[in-house]
Amino acid sequence: MMKRFTQILALLGAMLLLTACPDPIVPDDDSTTNDTWRQQASKEKLSGITYQLNVYSFADSDGDGWGDIRGITNHLDYLDSIGATALWLSPIHEAMSYHGYNVNDYYSVSRKLGTEADLKDLIDKAKAKNIGIYLDFVLNHSGKDNGWFRAAVADPSSKYHDYYVFSGQSGESTTGGMGTWYSVSSGNIGYDGLLHFKLDVSNASQPKLTITQATGSAQSGNTDTSVKWFIYENNAIRMYKTGDNLYEITLHIKNDWGVLVKDDATQWGDHKWGAKADDKVVEFGKPKTLVKGDAANDITFGGSSIQYWASFDASMPDLYYGPHAKASESAAFKDLAAAADKWINLGVAGLRLDAVIWIYQNNTAANVSFLKQWYDRCNSSWKAAGGKGDFYMVGEAWCDNAEKMAPYYEGLPSNFNFYYYWTLKDRIGKGKGDDFARTVVYFQNLFRGYRSDFIDAIKLTNHDEDRAANDLGRDVAKEKLAAAVLLTSPGKPYIYQGEELGYWGNKSKGDEYVRAPIKWTRSGSVPSTALNGKVDNSMLTADISVEAQEQSASSVLRVYRDFAQARNAWKALAKGQIEEITSPNAAVALWKMSYEGQTVLVAHNFGSGTAAFAVTGYTTDKMIVSNGVADGSSGLLSLGPYASAVFLQ
């Protein structure tokens, strides 16, 4: 009877091992407590994890509805808890829009986000936690309201005219690929003052308009609907009939584009009359012959119209650096480099470069040449300021495939690996993991061919993409798996704001819906003013808040914290060279990571069913960290649906 009882206890013990994850082991020895391991992990900061945050929607320190720099400083403990070694801040400069990518002043901190003193305080307090600060830096274009652009438009002979891509400008690869030409006024095209208009339609096909400066008072529009002639300035104003085929009116004109004549208040097309292409500017008191329809141009009051190139939209005129081989000698390069120097000297530890493939319009060789000059300049400034090692810089070289992006490693030490995530979501969707490590190894070898010391910036999604949770069908188990895979892969992982909380969202109603604010407490408000209220409140419930997830052992946040802390504590997991292990199960991804004599075995089940098998040549009795139902203590590796585990070898 006693023997039978002992057998039952043993069976129950084995079942318990298969349904619950054992406590992870710790780096020093098995006697160290888990709490000690977590403290050690926080201090060592091996992981290389960067947290991408939108300053305007991360945390609001003063209650005005805008996230701000002090809000980040107030939450450094949270960022430390998910293993962050660096923070990538969305653009912090004065800009035309909430997102900051149309920069008005590269030397400034946006007043909505804080002050230079606030930024310096963040840099210093983050550094005390071994967290560096990276700024988003926009080199492809500025904002249309940037003082440089305004000066270039106002005076074509200004030195700032050479900062931008204007029509007729000599150079290479400055247009094409993506974008279009936009027109902008140079000088005083519009008018602010009282003018008298006299229209002679004796010749119906070639009416003549005479404009003179006037004194006295402006007239209101004629109410006689039998009169069909109108002056159009900011709206259509009906003229008065003053004689045979003569119509007149005195108006106060105030706009920046000029005037037109119309023969219908609401219709356009052939009802629009204006100046000939070579005769746009008014000479007061001199009749101007009008043409109609597509041939009609705005009647202007001086200056001229010039065209500029914008790869994205009219608010973002492209910057011009001249021939790529001598880009560093261009005026725009020097001014932007001086701005970068300011932030490097303040203590900024890295830059994220926006839209780098469009600087020379998808001309890879020219872009790479430019980026190498830019990196070398910033790296020199970093070293001159006393920075340790090399300056960090990562490029957004968003190409169709990894092969097209790889040459950018000749210009920059790090580039975002969009193809890593595209592969990951595809394999999770298919429940197929056995070739994932092989693909990662392929990427690593591809990049190494262009730069031996490359830094692979791996990620799930970012501020320009639909959320990973959407891609994964808002299946929390798959979201946790994606997190575990990211944080056990070689490279420099980026975690995007809210990803660690399981945020979902897509861009169908606007980019704002993938840039949602952090909900810090169950009942607190969120900084949504910058997003103009475009926030999915059905997502930002009490249960998804940081407060709730910190208190839940089964939250998405807990997975990010556990794997980040493991990555911070185990050098092989953080810095190891990946080697694929042939998987005996099509759903399971297996690889090992080795660094300085330490090796770990990484296992992920991409499938919806349990996978159990032996891994020849590897031990599975020393588990470092796991997610889901995972066990290897019996010598047989068992992974539940979408489970992950890491074992020390």
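Taking GluC sites (Glu not before Pro) that fall in a DSSP loop and have at most 11 other Cβ atoms within 10 Å as cut points, what is the longest piece of the chain between them?
Longest site-free region, per DSSP loop and neighbour criteria: 284-595.
Can you figure out the FRET efficiency of ALA295 with ASN234, using R₀ = 22 Å and their beta-carbon distance, to the nearest 0.05?
Calculated transfer efficiency: 0.45.
Step through the residues of region 462-479 one at a time and calculate ³J(HN,Hα) from phi using the Karplus curve (6.51 cos²θ - 1.76 cosθ + 1.60, θ = phi - 60°), rounding each to whole Hz and writing x for Gly and Pro.
Per residue, the Karplus-derived 3J(HN,Hα) values read 9, 6, 10, 10, 4, 5, 4, 4, 5, 4, 9, x, 6, 8, 4, 4, 6, 5 Hz.
With each label point set 7 Å from Cα along the Cα-Cβ vector, what nm distance links SER158 and LYS125?
For the pair SER158/LYS125, the computed spacing is 3.9 nm.
Restricting to Cα pairs below 8 Å that are 6+ residues apart, what does the relative contact order work out to for region 188-302? Please round to a whole percent.
Relative contact order comes out at 31 percent.
Whose amide H sits under 5 Å from the amide H of ALA95, counting only residues 5 or more places off or on another chain, with H placed in the peptide plane?
ASN104
Which one, VAL138, SER452, GLY395, projects farthest toward the positive side of the charge dipole computed for the chain from Cβ point charges (K/R +1, D/E -1)?
Highest projection toward the positive end goes to SER452.
Under a point-charge model restricted to the Cβ atoms of Lys and Arg (+1) and Asp and Glu (-1), what is the dipole moment magnitude of the chain relative to its Cα centre, in debye to the nearest 20?
580
Neighbour counts of other C-beta atoms within 10 Å: give me LEU113, LEU487 arranged from fewest to most.
LEU113, LEU487
Given LEU194, ASN245, ALA275, which one lies farthest toward the positive end of the charge dipole of region 188-302, if we put +1 on the Cβ of every Lys and Arg and -1 on the Cβ of every Asp and Glu?
ASN245
What do you get when you divide the Cα radius of gyration of region 305-367 by 2.2 N^0.38 Å, with N the number of residues?
1.27
Sort HIS324, HIS75 by Cβ crowding within 10 Å, fewest neighbours at the top.
HIS75, HIS324
Lysine pairs in region 133-245 with alpha-carbon atoms under 28 Å apart, 8 or more places apart or on different chains: how many are there?
Counting lysine pairs in region 133-245 gives 7.
Pairs of Cα atoms under 8 Å, at least six residues apart: use those to get the relative contact order of region 73-129, whole percent.
Dividing the mean separation by the residue count of region 73-129 yields 29 percent.
Classify region 188-302: rounded, prolate or oblate, from the alpha-carbon gyration tensor (a ≥ b ≥ c, eigenvalue square roots; a/c under 1.5 rounded; otherwise prolate if a/b is larger than b/c)?
rounded
Taking the Cα of ASP62, stepping 7 Å toward and past its beta carbon, and measuring to each backbone N in region 517-534: which are under 16 Å?
Label zone hits: 527-530.
Explain nothing, just the number: relative contact order of the chain, from Cα pairs under 8 Å at least 6 residues apart, as a whole percent.
Once divided by the residue count of the chain, the mean separation gives 15 percent.
Give the lysines whose C-alpha is closer than 20 Å to that of LYS383, dropping any in the same chain fewer than 8 places away, or say none.
In chain and number order, the partners are LYS120, LYS127, LYS334, LYS342, LYS372.
Taking the beta-carbon count within 10 Å as an exposure proxy, list LEU87, LEU573 from fewest neighbours to most.
So the residues, fewest neighbours to most, are LEU87, LEU573.
Using the Kirkwood radius over C-alpha pairs as Rh, can you work out the diffusion coefficient of region 107-254 via Stokes-Einstein at 37 °C, viscosity 0.692 mPa s, in µm² per second?
155
Work out, in µm²/s and without decimals, the Stokes-Einstein translational diffusion coefficient of the chain at 25 °C, 0.890 mPa s, Rh from Kirkwood over C-alpha pairs.
Reported coefficient: 87 µm²/s.
Might you report the magnitude of the Cβ-based charge dipole of region 188-302 about its Cα centre, with Lys and Arg at +1 and Asp and Glu at -1, to the nearest 20 debye?
Value, rounded to 20: 120 debye.
FYI, it's all coordinate maths here, none of it is from the lab. For clarity, every value in this text was computed on a predicted model and none was experimentally measured. When we count neighbours, we look across all protein chains shown, and the Cβ atoms used for this are built from the backbone with ideal geometry, even at glycine.
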